[in-house]
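**Student:** One structure follows; several queries about it will come next.
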Amino acid sequence: MSAVVDLRSDTVTLPTPEMLRAMATAELGDDVYGEDPTVRRLEELAAERVGKEAALFVPSGTMGNGIAVLTHTRRGDEVICDLTSHVYDAEVGGLAVLSGVQARPLESAKGLLRSEQVESAIRPDDVHFPRSRLLCLENPHNFGGGTVAPLALMAELCATARRGGLVVHLDGARLFNASVALGVPAAEIAAHADSVMFCLSKGLCAPVGSMLAGPADWIAEARRARKMLGGGLRQVGVLAAAGIVALETMVERLAEDHANARRLAEGLAGIPGLDVDLETVQTNMVFVEVVARGLDAASFVAGLAAAGVRAGAVGATRVRFVTHKDVEALGVDAALRAARAATG
Ligand SMILES: *Cc1c(COP(=O)(O)O)cnc(C)c1O
């Protein structure tokens, strides 16, 4: 058996040699005192790339989203999001626990909300109602299939929120995948949102870290929230150094991940017993419905693992494959062979 092809997530990517060199030689200081020059450099670079005044290094995307909600809202406020969004579905109830807010999750078509839906979910001013305060968008949308919301929809949703007096946070964990897929700068996708979070640790291959960006005075408040949550780190330039290399060298190559995902999806779609919605394959994710008689997601994933290929069961019959730097074209071929064996 050759080496394992791990398609569970792009978070399994290992740092590049250039990242490791940058980490070993980074200039460091205590970042809680604001004295780590490498972190400052990363925060400036990140802010510039997403078109915001300031940015903050955070240990994870989950903490970045949690800090964003905490900083945008007050207890009892309502947060509009979609039912399959990461903030609602995969952050351990953080909306309720950390911020004491109430979620207003809406049904979406593969992660894409419509502006009329958002409009009708915004509460009128009434003593009985929670205050609608925040709209959370996600682009690309993970559980929607890695689907990308077009710029016009982003603008429309944000305008609707703003008309209703809401602010907007964009969960852009894989923002640069959306940027590559749309062929526009990340800043354009984030342009109408008040704040944006993106991960350095996914397809961009840094070992740890995410960035939260927004207006400078808002980021100053977010910095306090980060400290409260225990996310104020000391010589964290050792991690930021990898993040700088990630932003400078790993964005354009995401196109290869997208091409590999497309080829994987088309191959999987041709295997009897598997259904793939090829329309949703827009970035580096492929979601497969296991429809073969007598097979479910867990047994399909076990069959893949027996052939040295790892994928993630994300429902009773749903399996997710994520392409990334450490899976090349040969890995896609191996995955297709394993999928044929596991279904046949
Ligand atoms: C991965 C992910 C996050 C959380 O990032 P972590 O670094 O894993 O905490 C948030 N939102 C989306 C859409 C994600 O895919």
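**Student:** What spacing in nm lies between the two simple spin-label points modelled at residue 115 and residue 40, each 7 Å away from Cα in the Cβ direction?
**Tutor:** About 4.2 nm, to one decimal.
**Student:** Shifting gears a bit: By how many nm would the segment from residue 328 to residue 92 grow when fully extended, if each residue of separation counts as 0.36 nm and the alpha-carbon distance is taken off?
**Tutor:** Stretched out fully, the residue 328 to residue 92 stretch lengthens by 81.7 nm.
**Student:** Something else: Provide the gained length on full extension for the span residue 252 to residue 291, in nm with one decimal, where the gain is 0.36 nm per separating residue minus the Cα-Cα distance.
**Tutor:** 10.5 nm
**Student:** Could you calculate the FRET efficiency of residue 341 with residue 228 from 1/(1 + (r/R0)^6), where r is the beta carbon distance between them and R0 is 51 Å, rounded to 0.05?
**Tutor:** 0.50
**Student:** When N is the residue count of segment 1-89, what does its C-alpha Rg come to as a fraction of 2.2 N^0.38 Å?
**Tutor:** Scaled against compact globular proteins, the figure is 1.46.
**Student:** Also: Taking each full run of DSSP H in the chain as one helix, which ones are at least 15 Å long along their axis (Cα atoms) and have mean Kyte-Doolittle hydropathy of at least -1.0?
**Tutor:** Membrane-span-like by this criterion, though nothing is claimed about a membrane: 37-50, 61-72, 151-163, 216-228, 237-249, 254-269, 329-343.
**Student:** Ratio to report: Rg/Rh of segment 21-60, with Cα atoms as the point set and Rh obtained by the Kirkwood method; give two decimals.
**Tutor:** Checking Rg against Rh, the ratio lands at 0.99.
**Student:** So what is Rg over Rh here for the chain, counting just Cα atoms and using Kirkwood for Rh?
**Tutor:** Taking Rg over the Kirkwood Rh, I get 0.98.
**Student:** Which order do the peptides 5-15, 134-144, 163-173 come out in when sorted by mean C-beta neighbours inside 10 angstrom, highest first?
**Tutor:** Descending packing order for the listed peptides: 134-144, 163-173, 5-15.
**Student:** No other cysteine beta carbon under 4.7 Å away is the test; run it over the chain and list who passes.
**Tutor:** Cysteines lacking a close Cβ partner in the chain: 158, 199, 205.
**Student:** Once both labels are modelled 7 Å past Cα along the beta-carbon direction, what's the residue 298-residue 216 spacing in nm?
**Tutor:** With each label point 7 Å from Cα toward Cβ, the separation is 5.5 nm.
**Student:** I've got another one for you. Using packing as a proxy for protection, rank 26-33, 218-225, 238-245, 291-298 so that the peptide with the highest average count of other Cβ atoms within 10 Å comes first.
**Tutor:** Top to bottom by mean Cβ count within 10 Å: 238-245, 218-225, 26-33, 291-298.
**Student:** If R₀ is 45 angstrom, what is the calculated FRET efficiency for the pair residue 318 and residue 163, using the beta carbon separation as r and rounding to 0.05?
**Tutor:** 0.80
**Student:** What ranking do 251-261, 38-48, 88-98 get when scored by the average of other Cβ atoms within 10 Å per residue, highest first?
**Tutor:** 38-48, 251-261, 88-98
**Student:** With unit charges on the beta carbons (Lys and Arg positive, Asp and Glu negative) and the dipole taken about the Cα centre of segment 17-249, which residue among 124, 143, 94 sits farthest to the positive side?
**Tutor:** Farthest towards the positive pole: 94.
**Student:** Here's something else I'd like to know. What distance in nm separates the two pseudo spin-label positions at residue 126 and residue 305, each 7 Å out from Cα along the beta-carbon direction?
**Tutor:** In this crude label model, residue 126 to residue 305 measures out at 5.0 nm.
Every number here is computed from the coordinates shown, using simple stated rules; none is lab data. Predicted, not measured: the structure shown is a model, and the values here were computed from it. Backbone-built Cβ (ideal geometry, glycine too); neighbour counts: all protein chains shown.
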